[in-house]
Each structure stands twice: as C-alpha cells, then as structure tokens.
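The values are calculated or read from the model by the stated rules, or taken from the named source; none is laboratory data. Here the structure is a predicted model, which means the values were calculated and not measured. Cβ placement follows ideal geometry from the backbone for every residue including glycine, while neighbour counts extend to all protein chains displayed. Just the protein is used for accessible areas: all its heavy atoms, side chains included, with ligands, DNA and RNA removed. Shrake-Rupley method; radii C 1.70, N 1.55, O 1.52, S 1.80 Å.
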Amino acid sequence: MAKKFYITTPIYYPSGNWHIGHCYTTVICDALARFHKLLGEDVFFLTGTDEHGQKVEKEALRRGVTPMEFVDPLVSELKDMWRLLDVGYDRFIRTTDEDHVQAVQRIYQKLYESGDVYKSEYEGYYCTPCESFWTESQLVGGKCPDCGREVTRQKEESYFFRLSKYAPALLEHYEKHPEFLQPKSRVNEMVNNFLKAGLNDFSVSRTTVKWGVPLPFDRKHTAYVWIDALLNYITALGYGSENDSLYQTYWPAELQMVGKEIVRFHSIIWPAILMALGEPLPQQIYGHGWLLIGGEKLSKSKENARPELTDPYELVKRYGADAVRYYLLREIPFGSDGEYTGERFLQRVNADLANDLGNLVSRTQAMIAQNFDGKLPPRGKEEGPDGELIAAAEGAFEKVRAAMDALNAPDALAEIFAVVSRANKYIDETTPWLLAKDPAKRERLGAVLYNLAETVRIVAILLKPFLTRASAAILKSFSFDEGAGFHTLSFGGLRAGCRVEKLPPLFPRFDVKKELAAVADMLAAKSKAEEKPKAESGQGKPLISIEEFGKAELKVGEVIACERVPKSDKLLHETVRIGGEVRSVVSGIAKFYTPEEMVGKKVVVVTNLKPVTLRGVLSEGMLLCAEDGQGNLALVSPERPVESGGTVR
Ligand code: ME8
C-alpha cells in the first residue's frame, strides 16, 4: 500500500485584500503535496476558510449585510487565487460547511460529557483582530501581546477547556518527540514561555458572538472561533461523522504548516484538544517565517502593503503563476523571515527563469530544430564532459529529496538549478554550434543535443512540484508524458526520433528599472482611484461600534405647535409630544418649512442630547433631517404610521 501523506495549511480568515504573504503557506504546502504525489504517495492536501467569529460578524454589520453575504464573495476570491496559482488541494473546507458545524457540535458535546469542557465565568481582555483572550499579566503595555492593538475588557458566563490538565502530557510529548514542533527555534518559546510557566484553562465559548457554531448543550453559547477553526483539520476528514473513513486513512497528519504567529494555538491548544479527545497528535507542526516589507510583516491592515506590488492577482497577471511560485519557494530562507521587494522578484525571474532555464531550453530546442529537423537524434557514446552532466542530472533527485524531506524548498530548487547551470556550462564546453559546421562531427553533435534534451527533461520532471506550467510545457515539447512521475528520472528516458517542438520563450526578461517604474505608476493610479470614491461618499468619520451608536436615544415625536424664533430667519421653535412627554425643540429648518406645515408632522427626535438655549429659547432635543447635497433639508419621519414615543433604532 502506498505511504500516505496528509498535509494542511491554516484556514484563512476571509479578509479580502489578499497579498503575496497570504500565498506563502499554501504555495509551500502545494509544492510539498505535489512532491509527495510524484513520489507515488497517497496524498491528501487540505486548505480552507475560517469564517466565524466576532471580526466577521462586526464587519458584516458595518457593511449592512449578513455574515454569509459578507464571506461568500471573499471565499470565491480566495479560491480564484489558488486556481491562479495552481494550488491543487484535495478539499477546501469552510467552517460554515454543514458537516464541519455538526462535527464541531459533536466534539464539544464529547468534551463536555468527559468534563474537559465545563461552565464558569470569564473575565479578561479580548483582542478582536486576533480573536484571542489575554489575562492582564499577558498584556504588553496594556495592549495585545501578539499584534499590539487595543484590547477590550470582557466579563461573561463561559465554558472553559481544561487546558491545565494537559500541561504535563504536552511537556512529555515535546521531550519524546523533538520533531513535533519545527524549526527548533520555536520550541524554546513554546516550552519555556508557555508550557513550563503552567497553562491556564481558557474560555472556549461566547455568548456575545452570534456568528458561530451554537453549543449543543447550551445554545446561548457559540464555539470560540479558534477551537472551531482548529477542529477543521479532523472534521475535513469526517471525524465526528458517520463516515470517518478518510479520517481512518489520513489522520494523524504528517505535516501541519502554519505561520509563526499562530504556532501557540497549534502547538499547545491543538494537541491538548486532541489528547482530550483521545486522538493521536500530528507528526509535525512547522512554523514558517513571514514575508516582510521594510522589516515589518506584510499584512492586510498595515500600510506597508503599499509601496510594493503585493496583490497576487496582479502579480500573476504580469509575471505568471510560475514566477510567483518560484519567488516564494526560492527566495525566502525557509523557517526565517524574508524581505519582499519587487526588485528582488524581478531579478530572480530574470536570472534564474529567463536566463538560466529559459536559455537552456530554447538553445537546446533551436539546435535540434536547425540541425535535425526537430527530431531528437540518438544517444551517442559518452565522452568529454558527458559523464559529469549525466551524473549531475541523475544525482539531483536524491539531493532534492533530502531538501524536501527537510521541508526546504529553496535548497531543493537550488539543487535543480545547479543542474541547469551544469547544462549551460556543458554547452560552452562542447560548443555544438562549431560541431554543426563540421559534417564529420554530426554524430557527436547529435549526442550532445541528446544529452542536453535529456537533462532538460529531467529538470522539467524535478520542477513539476514548483513550476507547474513551465514543467508541463517543456515535457510536452519533447513529446514526453506530462503526467510522468519521479520513477522516470533515470538518464535516457527520451526516445531517439521523437518530435521536439520549439517553444516560445518560457519567461520574458524584464528591464528591471522600467518595470519597477511601470508598477509604481500603476500603484499610484490605483490608489488615486481608490481615494476618490471614499472622499465623494463622505466616509470621513471614524467607525463606531453598535454600542457607541446605541448611546444615542432616538424617538418618534409629533409636532403639536410651531412658531418662528424671533430675529432669526433660520430657526423654528417646535413643541413636540414624545409619548407622554412634551418638549421644546429649536431647529434650523425655517428656510424649508413654514410653522403651519410643521404642525401635525411625525418626526424623529434625538432625546438624550444635553439641553441648550438658542436665541433665548430652550431646546431639549434635535429633529433628524436629511440633506440633499445642496444644503436643502428634509425632515426624517417614519415611513409607516408609528405612535409618538416609539423608539427609533
Ligand atoms: O491565522 N508572510 O488566518 P490568516 C507569511 N484563520 N505568511 C503570512 C503573511 C506574511 N506576511 N501574512 C499571512 C489565520 N500569512 C487563522 C488560522 S488555523 C486553524 C486558523 C499566513 O488568514 C499566516 O501565517 O490570518 C497563516 O499561515 C496564513 O497566512 C493565514 O492567515
């Protein structure tokens, strides 16, 4: 039976504003999944979206849509992004998927029945952007220790997870399985800062968040979004459902790749939950580094996303999926942070893809077209540098495999491109253009071109997990099976006489300066276009919460008397009945309504404004008006009859 390989990415918040940093985890996982498939393993690659929680609920409310209406288009965008980048997952799970929701409920029920989830009261600090709870001592300068943003104090009834119980078992697991959390640098932080300091039970339900999975044993509560999210790794396989055959096949995961900022959730809370469920732990959690701009994490909420082209859709449109994948997989030292710049991106594409690989392919194919009418000449006897080239091509696989076993895609690519360089050197050494001038050397010319073609084929097979498009195009142009796996890697796979097509250049070469200037112009035009509608729609005021809005008291009133305010051409003085109460109100609407017109009107009154005196007349409220953009006012009144005293909200 084939060895199995279950690999997961974190599930993404449907945030929109996708940037190239978001693509990092998933592109690496995709390359690893493809690599293992080519080894003939039975691979399951999972990704998806993390859609519940306060952040989504609030944003949907702010936009006046339901949470589902808010997340749906963002999920489609994310799927488009993966399609554009050739990310070939086996399941895309959404935490709003019915099977996930039901499984989360069954899991909570199980933990509640075993006593690992219990009722208590939560009091502490909450960071909404991170969806994380903190105790006072964990705050840094009163702010969230993860992102440095404001936290809010919260107190409510809540269900807790008995995390404290699992600290000794977790420590033991870390000692027995040094490979569990990688790279090693992350282990110290988790073990010393968290595990050894002792773990506190923590709140795993909310009554204030409606957009979440309701707990089956207490439906006032919804599941804490992080627990809901972490469980996706097993619910996606049918854990907690009637059909858990995928779970039986693939769990535990060989690899769970995450960004370093979420290592704590994955290396402490996640294994503790699995222990509480009596399920095996994943073999490895890998916490990768970040793409930085100007030394700061490239992120959707920070301005640092601006001066560089970071939009994956635009990057793929300009440079192609292979170039974006190549940059991510080759340039960032694995496990560490890496600075992202458009300049480095273009230099990489030019040097490695357009020059080294592109030239090798086009020169080989052009010479076969010119000298052998596009038909591959036969393999000749080995001489000169042939042995060295063949050894480099044949020996690359083991090196690439060792690098990929260490999850090191940059090193794996460096090994493949060492073969490309060796082949380019071979062209200089064998000078096929001189051989072509001497009919006596035709056989040698054929042998040289065969060796080059075969090296290119091996390179293309090795590149399949990384450059999905170019590798397929190259194999096809040599009439070789595009679906071929790593079992075809021994030298001599190409058949003499097969058709060799001449490909158009695989990668364009960029004039770096010109391209950077074009990108800067494009970004400037885009940000100008974005600014305009904002200014026009008058979105100048800061956002407020529903609680802040709720501070204003608005009621329906009926104007029972009205007169002009003496010596003022703007002000009217209304007497307004609001339920059982009568108030005096002064409004600046004399240019738009006569006192006679006002009497009998139903109006909306702000009733908890501090009273003021205007031109000697007491005003105990304000009538709401709409303005048409030219300064003309129209009173706001209920669209259907409502008794005076009715609340407006
Ligand atoms: O964390 N460089 O989702 P997310 C590298 N929903 N990787 C980056 C990055 C950058 N600049 N910016 C983001 C979540 N990422 C939770 C996970 S899992 C049960 C729940 C990576 O949308 C980040 O590290 O904020 C993470 O791996 C992924 O994008 C999704 O981040």
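Just a few scattered comments:
- Toward the positive end of the charge dipole of the chain, with +1 on the Cβ of Lys and Arg and -1 on the Cβ of Asp and Glu, the farthest Cα among Tyr313, Val565, Phe217 is that of Val565.
- The stretch 439-478 and the stretch 358-406 have their alpha-carbon centroids 5 Å apart.
- Remark: accessible surface ordering of Lys37, Lys176, Lys297 (largest first) is Lys176, Lys37, Lys297, probe radius 1.4 Å.
- Where N is the number of residues in the stretch 342-488, Cα Rg divided by 2.2 N^0.38 Å: 1.05
- Accessible area expressed per residue, the stretch 195-310, with surrounding protein chains retained (probe 1.4 Å, Å²): 34 Å²
- Computed extension length for Met68-Lys551: 171.1 nm, one decimal, from 0.36 nm per residue of separation with the Cα-Cα distance subtracted.
- Using a probe radius of 1.4 angstrom, the carbon and sulfur fraction of the accessible surface of the stretch 72-119 is 46%.
- Cross-link partners for Lys591 among the aspartates and glutamates, with Cα-Cα distance under 19 Å and sequence neighbours closer than 8 places in the same chain left out: Glu563, Asp569, Glu574, Glu627, Asp628.
- Rounded FRET efficiency, nearest 0.05, which uses the C-beta distance separating Ala518 from Thr613 and R0 of 60 Å: 0.45
- For the stretch 543-551, putting each phi into the Karplus relation 6.51 cos²θ - 1.76 cosθ + 1.60 with θ = phi - 60° gives couplings of 5, 10, 7, 4, 5, 5, 4, x, 5 Hz, in residue order, rounded to whole numbers and with x for Gly and Pro.
- For the pair Thr152 and Thr208, the difference between a 0.36 nm per residue extended length and the Cα-Cα distance amounts to 18.9 nm.
- Whole-percent carbon and sulfur share, accessible surface of the stretch 464-590, 1.4 Å: 56 percent
- Val43 long-range amide H proximity, modeled H, under 5 Å: Phe5
- Counting only residues at least eight positions apart within a chain, or on another chain, the lysines with an alpha carbon under 18 Å from that of Lys464 are Lys37, Lys399, Lys476.
- Rounded to the nearest whole Hz, the Karplus-based 3J(HN,Hα) values (6.51 cos²θ - 1.76 cosθ + 1.60, θ = phi - 60°) of the stretch 387-400 follow the sequence x, 5, 5, 5, 5, 4, 5, 6, x, 5, 4, 4, 5, 5, with x at glycine and proline.
- Proximal aspartates and glutamates to Lys381, defined as alpha-carbon separation beneath 12 angstrom and excluding residues fewer than eight positions away on the same chain: Glu443
- Solvent-accessible surface of the stretch 1-107, taken per residue with a 1.4 Å probe and all protein chains present: 36 Å².
- The charge dipole of the stretch 335-425, taken about its Cα centre with unit charges on the Cβ of Lys, Arg, Asp and Glu (plus for the first two, minus for the last two), comes to roughly 360 debye.
- Dipole size of the stretch 342-488 about its Cα centre, with +1 on Lys/Arg Cβ and -1 on Asp/Glu Cβ: approximately 380 debye, rounded to the nearest 20.
- Size of electric dipole in the stretch 546-635: Cβ of Lys, Arg +1 and of Asp, Glu -1, about Cα centre, debye, nearest 20: 260 debye
- Separation of the alpha carbons by more than 30 angstrom is noted, of Lys210/Lys555; Lys317/Lys502; Lys220/Lys610; Lys79/Lys375, for Lys220/Lys610; Lys79/Lys375.
- Relative to the current alpha-carbon distance between Asp42 and Ala484, full extension at 0.36 nm per residue lengthens the span by 157.5 nm.
- Using only alpha-carbon positions in the chain, the gyration tensor eigenvalues give semi-axes of 62, 34, 19 Å once each is multiplied by 5 and square-rooted (largest first).
- Unpaired cysteine residues in the chain (no second Cys Cβ under 4.7 Å): Cys23, Cys29, Cys147, Cys498, Cys562, Cys625.
- The calculated P(r) of the stretch 546-635, using every Cα pair and 10 Å bins from 0, goes 17, 50, 29, 4, 0 in percent.
- With θ taken as phi - 60° and the Karplus curve 6.51 cos²θ - 1.76 cosθ + 1.60 applied, the whole-hertz 3J(HN,Hα) list for the stretch 209-224 is 9, 8, 7, x, 7, x, 6, x, 9, 6, 6, 5, 9, 10, 5, 4 Hz, x standing for glycine and proline.
- Tilt relative to the chain, helix 468-477 - C-alpha long axis, 0 to 90 degrees, to 10: 30 degrees
- Ranking of Met1, Met190 by solvent-accessible surface, largest first: Met1, Met190 (1.4 Å probe, protein heavy atoms only, all chains present).
- Close amide H pairs (under 5 Å, H built 1.01 Å from N) link His19 with no residue at least 5 positions away or on another chain.
- Percent RCO, i.e. relative contact order, over the stretch 449-594, from Cα pairs under 8 Å lying at least 6 residues apart: 12 percent
- Relative contact order %, the chain, counting alpha carbon pairs below 8 Å whose residues are six or more apart: 11 percent
- Among His52, Ser479, Leu230 the positive-end extreme of the charge dipole of the chain (Cβ point charges): Ser479
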